[in-house]
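Each remark here refers to the structure printed beneath this line.
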Amino acid sequence: MKRGDIASTATAYARSYLSSEQTRPYEADAITIVPYLGQDCLEPFFKEAIASKKGVFVCVKTSNPGAAIVQEQQIDNRYLYEIIADLIKPVSDQSIGESGYSGIGAVVGATYPEAAYRLRKQLPNSIFLVPGVGAQGGGNEGIKACFNPDGLGAVGSSSRAR
């Protein structure tokens with residue numbers, strides 16, 4: 001499930017899916033969120049994920065071709081997806097666990113290797129959720145770009161595989 005909403009609603013969603021206070025019917029270990037309503041829609045998810053030791057994946061550079069019209073917009077010679085990664089980095093850097101990774105991660109499609117290489121450098125301690133493998137055209141180069149040199153840091157997803 002993907003979520004992204006205004007701060008008060010984002011807080012309710014974050015608590016309902018990620019809180020460790022009590023078992024909930026829709027409890028999740030991780031959730032994917034959309035960042036385009038701003039920092040205040042991200043913070044409640046970050047807070048709950050860190051408190052409950054769960055995960056949040058923020059859509060940064062997704063695998064669907066139509067997203068490029070938004071995610072590849074340039075502002076001061078930087079892609080919007082890099083600016084979105086800037087919103088993740090401080091929280092990710094402050095919540096690195098024993099594994100060397102944070103539960104605050106990014107969705108980075110295997111279909112855009114160049115962007116993945118840039119984002120991996122920008123977010124070295126974030127786990128990447130990597131869609132676009134297989135049917136969407138993501139291949140070895142795109143998958144490789146999402147991992148750190150030690151072979152860790154990413155989880156591949158092939159949702160359309162049979």
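The values are calculated or read from the model by the stated rules, or taken from the named source; none is laboratory data. Note that the coordinates shown come from a computational prediction; the quantities given were computed from them, not determined experimentally. In this analysis, Cβ positions are derived from the backbone assuming ideal geometry, glycine residues included, and neighbour counts consider all displayed protein chains. For the accessible areas, the whole protein counts, side chains as well, though only heavy atoms, and no ligand, DNA or RNA atoms are used. Shrake-Rupley method; radii C 1.70, N 1.55, O 1.52, S 1.80 Å.
Quick notes on this structure:
- Any hit, segment 33-47, residues being in contact with a Leu (Cβ under 7 Å, 6 or more places away or on another chain), modelled with pLDDT under 95 and surrounded by fewer than 13 Cβ atoms within 10 Å (Cβ to Cβ): yes
Here's the yes/no breakdown for (1) open to solvent by 60 Å² or more (accessible area, probe 1.4 Å); (2) in a strand (DSSP E or B); (3) in contact with a Gly (Cβ under 9 Å, 6 or more places away or on another chain); (4) more than 22 Å from residue 29 (Cβ to Cβ):
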{"position": "66", "(1), (2), (3), (4)": "no, no, no, yes"}
{"position": "85", "(1), (2), (3), (4)": "no, no, no, yes"}
{"position": "88", "(1), (2), (3), (4)": "no, no, yes, no"}
{"position": "91", "(1), (2), (3), (4)": "no, no, no, no"}
{"position": "99", "(1), (2), (3), (4)": "yes, no, no, no"}
{"position": "117", "(1), (2), (3), (4)": "yes, no, no, yes"}
{"position": "124", "(1), (2), (3), (4)": "no, no, yes, yes"}
{"position": "152", "(1), (2), (3), (4)": "yes, no, yes, no"}
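- Reported count of residues in segment 48-64, each being of a type in the set (D, E, K, R) and either open to solvent by less than 20 Å² (accessible area, probe 1.4 Å) or closer than 13 Å to residue 106 by Cβ (or both), is 1.
- Only one of the numbered conditions (1) touching a Leu at 6+ places or on another chain (Cβ under 9 Å); (2) open to solvent by less than 30 Å² (accessible area, probe 1.4 Å); (3) not in a strand (DSSP E or B) is violated by residue 107, and that is (3).
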